[in-house]
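Beneath this line is the structure, given in structure tokens, with notes to follow.
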Amino acid sequence: MGVDLTPRVAKKVYGDNGGSYHAWSPSDLPMLQQGNIGASKLALEKNGFALPRYSDSSKVAYVLQGSGVSGIVLPESEEKVIAIKTGDALALPFGVVTWWYNKEDTELVVLFLGDTSKAHKSGEFTDFFLTGSNGIFTGFSTEFVSRAWDLEEKDVKTLVGKQSDKGIVKLEGNISLPDPKPEHRNGLALNCLEAPLDVDVKNGGRVVVLNTKNLPLVGEVGLGADLVRLDGNAMCSPGFSCDSALQVTYIVRGSGRVQVVGADGHKVLETTIKGGNLFIVPRFFVVSKIADPEGLEWFSIITGTPNPIFTHLAGSSSAWKALSPTVLQAAFNVDSELEQLFRSKRTSDAIFFPPPS
């Protein structure tokens, strides 16, 4: 496979006063286009307001830093206003209208990963803004908008033309946005740093998996996701997705090493990864990571299914331990003594391995 899998960082697309929007481009990361995957980040400064928009792609949003407020309008539903903070994950299906606001001193940063198979451009999100200099209604004639909104043309011109900024603005004055309601979070958001752990290995790592049970909307989005925190010098077992899915991984913080191996035992990636990197593991390729001393944390989506299944190639739950001893002897071309030694190791069902003592 000749596609470049080198991890990349996002590049700024637009923004200045109030915040900025960054995205990964298929020209830098070809697997985005091949896998129909989009990836971007929204960064809002204090009083930064991301104008209402909808997208041509379903997404999972993950709050990387800070806290703020998000407004979400699902099709034919009322607006839900929720408080968001570091560790929150939100599932955003097709047609959802969102806005984002940061009233705190700390920058609010939100990651978006999603499926672009039905998007206008494969490998890229296209947002459609309701207001602003590039808002949808700037393209309609005043007559059409006047009739649609039942307003005089002079009022339409003010509504459509008054907001001269694009995408992100900095709110000034006494504008007070709606207060979030705790009950609006139900079914829309899950905090991965506070949710029950799906995997917890002492000195190894922890995992929270998003699925249709703890965040039902991921079923509509059609993506699985997880947050993995690997302790210092620990290893994540070699494994692959057996759902014919791609693994899209964003490094939240820390650093470490990653290796990816494809067909015929060809190593297609061996590199150092660090906070801000995004990389993609092709279908059925095997990936493994080892954290540096400070640890390694990543957020991933799995394409094609909201409830992904992985096959691990180390540990008691691995495919190795399920195979008969004589099958392993024949496959490895070794004697029974070495097969028994191999089988006796990694007897726990852990997928994380602490550093050697």
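Test V268 against the criterion of being in contact (Cβ under 8 Å) with a residue 60 or more places away in the chain, open to solvent by 30 Å² or more (accessible area, probe 1.4 Å) and not acidic (D, E), and give yes or no. Walk me through how you get there before you give the answer.
On the way: in contact (Cβ under 8 Å) with a residue 60 or more places away in the chain: yes; open to solvent by 30 Å² or more (accessible area, probe 1.4 Å): yes; not acidic (D, E): yes.
The answer is yes for V268.
Which residues, counting only those in the range 68-97, are assigned to a strand (DSSP E or B) and open to solvent by 40 Å² or more (accessible area, probe 1.4 Å)?
Just the residues of the range 68-97 that are assigned to a strand (DSSP E or B), to begin with: 68-73, 80-85, 88-92, 97.
Scanning the range 68-97 gives V73, K80, A83, K85.
Scan the range 160-176 for residues that are touching a residue at least 12 places away in the same chain (Cβ under 8 Å) and over 27 Å from the mean Cα position of the chain (by Cα) and jot them down. Give the derivation first.
Let us first name the residues in the range 160-176 that are touching a residue at least 12 places away in the same chain (Cβ under 8 Å), namely 160-161, 163-172.
Those that are touching a residue at least 12 places away in the same chain (Cβ under 8 Å) and over 27 Å from the mean Cα position of the chain (by Cα): V160, G161, Q163, S164, D165, L171, E172.
Which residue is surrounded by the most Cβ atoms within 10 Å (Cβ to Cβ), if the candidates are limited to the range 1-27 and must be among the charged types (D, E, K, R) and at pLDDT 95 or above?
We begin by selecting, within the range 1-27, every residue among the charged types (D, E, K, R); these are 4, 8, 11-12, 16.
Now restrict to residues that are at pLDDT 95 or above: 8, 11-12.
Working: R8: 19, K11: 11, K12: 12.
Out of the qualifying residues, it is R8.
Given (1) open to solvent by 70 Å² or more (accessible area, probe 1.4 Å); (2) modelled with pLDDT of 95 or more, where does N203 come up short, assuming only one miss?
For N203, the failing item is (2).
Residues checked against (1) under 17 Å from the mean Cα position of the chain (by Cα); (2) basic (K, R):
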| residue | (1), (2) |
| --- | --- |
| T106 | no, no |
| V110 | yes, no |
| T116 | yes, no |
| K121 | no, yes |
| T126 | yes, no |
| L130 | no, no |
| N134 | no, no |
| E143 | no, no |
| R147 | no, yes |
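Looking at the range 220-244, which of the residues that are under 15 Å from the mean Cα position of the chain (by Cα) and in a loop (DSSP other than H, G, I, E, B) is nearest to L210 (Cα to Cα)?
L223
Look at the range 32-56 and say how many of its residues are touching a Phe, Trp or Tyr at 6+ places or on another chain (Cβ under 8 Å) and under 28 Å from V260 (Cβ atoms).
5
Which number in (1) touching a helix residue (DSSP H, G or I) at 6+ places or on another chain (Cβ under 9 Å); (2) in contact (Cβ under 8 Å) with a residue 24 or more places away in the chain; (3) farther than 24 Å from V3 by Cα; (4) aromatic (F, W, Y) marks the one condition that F352 misses?
Every condition holds for F352 apart from (1).
Can you tell me which residues in the range 342-357 are part of a helix (DSSP H, G or I) and either open to solvent by 90 Å² or more (accessible area, probe 1.4 Å) or hydroxyl-bearing (S, T, Y) (or both)? Let's see the steps before the verdict.
The first filter runs over the range 342-357 and keeps only residues part of a helix (DSSP H, G or I), leaving 342-344.
Matches in the range 342-357: S344 only.
Of all residues in the range 225-249, which are open to solvent by less than 10 Å² (accessible area, probe 1.4 Å) and over 12 Å from K289 (Cα atoms)?
Selection gives A225, L227, S241, A245, L246, V248.
Scan the range 215-242 residue by residue and report those that are among the charged types (D, E, K, R) and either touching a helix residue (DSSP H, G or I) at 6+ places or on another chain (Cβ under 6 Å) or within 29 Å of F94 (Cβ to Cβ) (or both). Don't jump to the end; show me each part of the working.
Residues of the range 215-242 that are among the charged types (D, E, K, R), as a first pass: 220, 226, 229, 231.
Within the range 215-242, E220, D226 qualify.
Taking the condition within 30 Å of G114 (Cβ to Cβ) and surrounded by fewer than 18 Cβ atoms within 10 Å (Cβ to Cβ), does T303 pass?
Values: within 30 Å of G114 (Cβ to Cβ): yes; surrounded by fewer than 18 Cβ atoms within 10 Å (Cβ to Cβ): no.
So T303 fails the test.
Just name the residue that is farthest from L230 (Cα to Cα) out of those in the range 287-296 that are surrounded by fewer than 20 Cβ atoms within 10 Å (Cβ to Cβ) and in contact with a strand residue (DSSP E or B) (Cβ under 8 Å, 6 or more places away or on another chain). Outline the logic, then answer.
At the first step, the residues of the range 287-296 found to be surrounded by fewer than 20 Cβ atoms within 10 Å (Cβ to Cβ) are 288, 290, 292-295.
Retained after the next criterion (residues that are in contact with a strand residue (DSSP E or B) (Cβ under 8 Å, 6 or more places away or on another chain)): 288, 290, 292, 294-295.
Values: S288: 12, I290: 8, D292: 9, E294: 9, G295: 6 Å.
Restricting to residues being surrounded by fewer than 20 Cβ atoms within 10 Å (Cβ to Cβ) and in contact with a strand residue (DSSP E or B) (Cβ under 8 Å, 6 or more places away or on another chain), the top hit is S288.
List, please: which pairs have Cβ atoms under 9 Å, are six or more places apart or on different chains, and start with a residue in the range 139-159 that is under 21 Å from F128 (Cβ atoms) and open to solvent by less than 70 Å² (accessible area, probe 1.4 Å) and end with one that is among the hydroxyl-bearing types (S, T, Y) and part of a helix (DSSP H, G or I)?
So the pair list comes out as V156/T142; V156/S146.
Just one of (1) farther than 30 Å from F352 by Cα; (2) open to solvent by less than 60 Å² (accessible area, probe 1.4 Å); (3) in a loop (DSSP other than H, G, I, E, B) trips up N174, so point out which.
With respect to (1) farther than 30 Å from F352 by Cα; (2) open to solvent by less than 60 Å² (accessible area, probe 1.4 Å); (3) in a loop (DSSP other than H, G, I, E, B), N174 is out only on (2).
What is the one condition in (1) over 22 Å from L74 (Cα atoms); (2) open to solvent by 70 Å² or more (accessible area, probe 1.4 Å) that P182 does not satisfy?
For P182, the failing item is (1).
The values are calculated or read from the model by the stated rules, or taken from the named source; none is laboratory data. Keep in mind it's a predicted model, so treat the numbers as computed, not measured. Virtual Cβ from ideal backbone geometry, glycine too; neighbours counted across all protein chains shown. We work out accessible area using only protein heavy atoms, side chains counted, and drop any ligands, DNA or RNA first. Shrake-Rupley method; radii C 1.70, N 1.55, O 1.52, S 1.80 Å.
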